[in-house]
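Take this structure, written in structure tokens, and hold onto it; I'll ask about it next.
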Amino acid sequence: MGFPLADWINQHEGLPHNLSQSGMKYSLQRSLKGLRPRNGSTQDELQRALAETLGVDPRRLFLTHGATEANAVTLWFLGVELRRELGRTPRAHVPALEYPPLQEGPGWSGFRRVSEPTGSDLRVHSNPNNPRGTLVPPPATSRNGPVFLIDETFREFTPLRSAATRGDPSIFVTGTLTKAYGADALRVGWVAAPPEWVDRFASFHGNMVALIPQASIDGAMSLLSRRDRILRESRELFRRNERVLHRMLPGIPSLSAPVCFDEISRKPGGGDLLARWAVEKGVLVCPGGLFGDSRGIRICLTQRSFPRDLLRYLAIRREFLDGAYGSREGTSPAGSNLS
């Protein structure tokens with residue numbers, strides 16, 4: 001349907017070993033037990049509740065149908081505003097290894113993407129980074145510097161405060177209930193706009209973004225009423241799986257999100273080949289090429305079956321690096337070609 005990463009995951013979702021699910025969907029067994037929607041909640045109540053979790057003025061928080069929409073409408077808004085302000089096509093920098101919609105979004109929003117941050121008018125990144133799972137240092141902002149769009153989809157797997165709390169006039173922040181809360185079905189996200197941009201963004205958002213459905217509002221308010229319990233379970237499961245990962249696959253850095261990037265090759269293509277072969281053997285991982293680096297693959301640490309899923313993946317990985325895939329294809333061994 002035009003989003004290759006989602007297509008890849010959805011087409012192979014029924015495999016026995018799923019290491020592609022980046023959110024806590026299906027995994028929160030204790031904290032969600034017996035949870036019922038908080039019927040009759042209002043959009044304003046949800047706006048205030050989410051703003052409180054971020055530590056921002058509710059007037060700065062704008063509801064969306066998930067982080068993807070939050071990023072899209074922010075890029076669209078900034079594409080128009082910066083072009084008007086600068087009198088030219090604005091330039092956007094996105095790191096080479098990044099979540100696909102963050103890579104593609106600036107181009108669809110009227111920006112010219114540039115390879116270096118110097119001279120850019122907008123800088124876009126996720127924090128923690130998807131697919132690495134590691135933190136990005138806080139941006140150094142200045143009055144005449146670029147605007148930042150920071151996607152904090154995975155931030156609540158850590159105790160870190162949102163970048164929005166700084167109230168920096170250069171920083172837009174987006175987030176969602178999808179990952180740490182496992183609330184894929186609710187489709188609730190948000191944009192936290194800088195104070196200086198609130199009035200302009202409010203007008204844009206009011207005209208261009210539909211209201212959140214009542215069922216999503218009720219469900220989201222119910223989740224937030226158990227926020228501490230839900231995040232405790234999410235973080236405990238993530239950290240348990242991270243310990244397994246570091247024991248079984250040394251070399252992966254400490255993580256701040258339940259995703260990591262396993263770079264198995266020094267040459268392009270190795271990660272994508274392994275991902276395709278793993279699918280044939282019942283293991284679903286995400287090809288690194290979808291994130292901008294085909295040398296590796298993304299592994300997710302969100303499922304309770306992670307230890308046995310990872311064990312199976314590592315067995316396939318060893319076979320792959322020993323040349324079994326290349327031998328089957330009638331080419332040189334994968335290990336000698338890709339390492």
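The values are calculated or read from the model by the stated rules, or taken from the named source; none is laboratory data. Quantities reported herein were computed from a predicted structural model and do not represent experimental measurements. Backbone-built Cβ (ideal geometry, glycine too); neighbour counts: all protein chains shown. Ligands, DNA and RNA are stripped out before the accessible areas are found, and what is left, the full protein with its side chains, is counted by its heavy atoms. Shrake-Rupley method; radii C 1.70, N 1.55, O 1.52, S 1.80 Å.
Ala324 is checked against (1) crowded, with 17+ Cβ neighbours inside 10 Å; (2) among the small types (Gly, Ala, Ser); (3) at pLDDT below 95 and fails just one. What number does that condition carry?
Of everything listed in (1) crowded, with 17+ Cβ neighbours inside 10 Å; (2) among the small types (Gly, Ala, Ser); (3) at pLDDT below 95, Ala324 misses just condition (1).
Which pairs have Cβ atoms under 8 Å, sit 6 or more apart or on different chains, and link a residue in the range 172-199 that is closer than 15 Å to Val56 by Cβ to one that is at pLDDT 95 or above and among the basic types (Lys, Arg)?
Taking only residues 6 or more apart or on different chains, the pairs are Gly175/Arg155; Ala192/Arg60; Ala193/Arg60; Pro194/Arg60; Pro195/Arg60; Val198/Arg59; Val198/Arg60.
Of the residues that sit in the range 264-304 and are touching a Gly at 6+ places or on another chain (Cβ under 7 Å) and closer than 25 Å to Arg239 by Cβ, which one is modelled with the lowest pLDDT?
Top of the filtered list is Ile264.
Being among the hydrophobic types (A, V, I, L, M, F, W, C) and in contact with a helix residue (DSSP H, G or I) (Cβ under 6 Å, 6 or more places away or on another chain) is the requirement here; does Ala215 meet it?
Working: among the hydrophobic types (A, V, I, L, M, F, W, C): yes; in contact with a helix residue (DSSP H, G or I) (Cβ under 6 Å, 6 or more places away or on another chain): no.
So Ala215 fails the test.
Out of (1) closer than 22 Å to Gly23 by Cβ; (2) in a loop (DSSP other than H, G, I, E, B), what's the single condition that is false for Pro250?
So the condition that Pro250 fails would be (1).
If Ala6 satisfies all but one of (1) among the hydrophobic types (A, V, I, L, M, F, W, C); (2) in contact with a Leu (Cβ under 6 Å, 6 or more places away or on another chain); (3) modelled with pLDDT under 95, what's the number of the condition it fails?
(2)
Within the range 277-300, is there a residue that is open to solvent by 20 Å² or more (accessible area, probe 1.4 Å), over 26 Å from Asn127 (Cβ atoms) and either among the small types (Gly, Ala, Ser) or in contact with a His (Cβ under 6 Å, 6 or more places away or on another chain) (or both)?
yes
For Lys267, all conditions in the list (1) within 20 Å of Phe154 (Cα to Cα); (2) surrounded by fewer than 14 Cβ atoms within 10 Å (Cβ to Cβ); (3) over 21 Å from the mean Cα position of the chain (by Cα) hold save one; what is the number of the exception?
Every listed condition holds for Lys267 apart from (1).
Could you please find all residues in the range 133-151 being buried (at least 24 other Cβ atoms within 10 Å of the Cβ) and not in a strand (DSSP E or B)?
Correct list: Gly133 only.
Ok, one more. Can you pull out the residues in the range 1-29 that are of a type in the set (Phe, Trp, Tyr) and in a loop (DSSP other than H, G, I, E, B)? Lay out the reasoning, then the answer.
Initial filter on the range 1-29 (of a type in the set (Phe, Trp, Tyr)): 3, 8, 26.
Matches in the range 1-29: Phe3, Tyr26.
So for the range 174-188 (the condition being touching a Lys or Arg at 6+ places or on another chain (Cβ under 6 Å) and open to solvent by 10 Å² or more (accessible area, probe 1.4 Å)), does at least one residue qualify? Break it down into steps so the answer makes sense when it comes.
Taking the range 174-188 as the starting set, the residues that turn out to be touching a Lys or Arg at 6+ places or on another chain (Cβ under 6 Å) are 182, 184.
Filter once more, so that each one left must be open to solvent by 10 Å² or more (accessible area, probe 1.4 Å): 182, 184.
Within the range 174-188, one or more residues are touching a Lys or Arg at 6+ places or on another chain (Cβ under 6 Å) and open to solvent by 10 Å² or more (accessible area, probe 1.4 Å).
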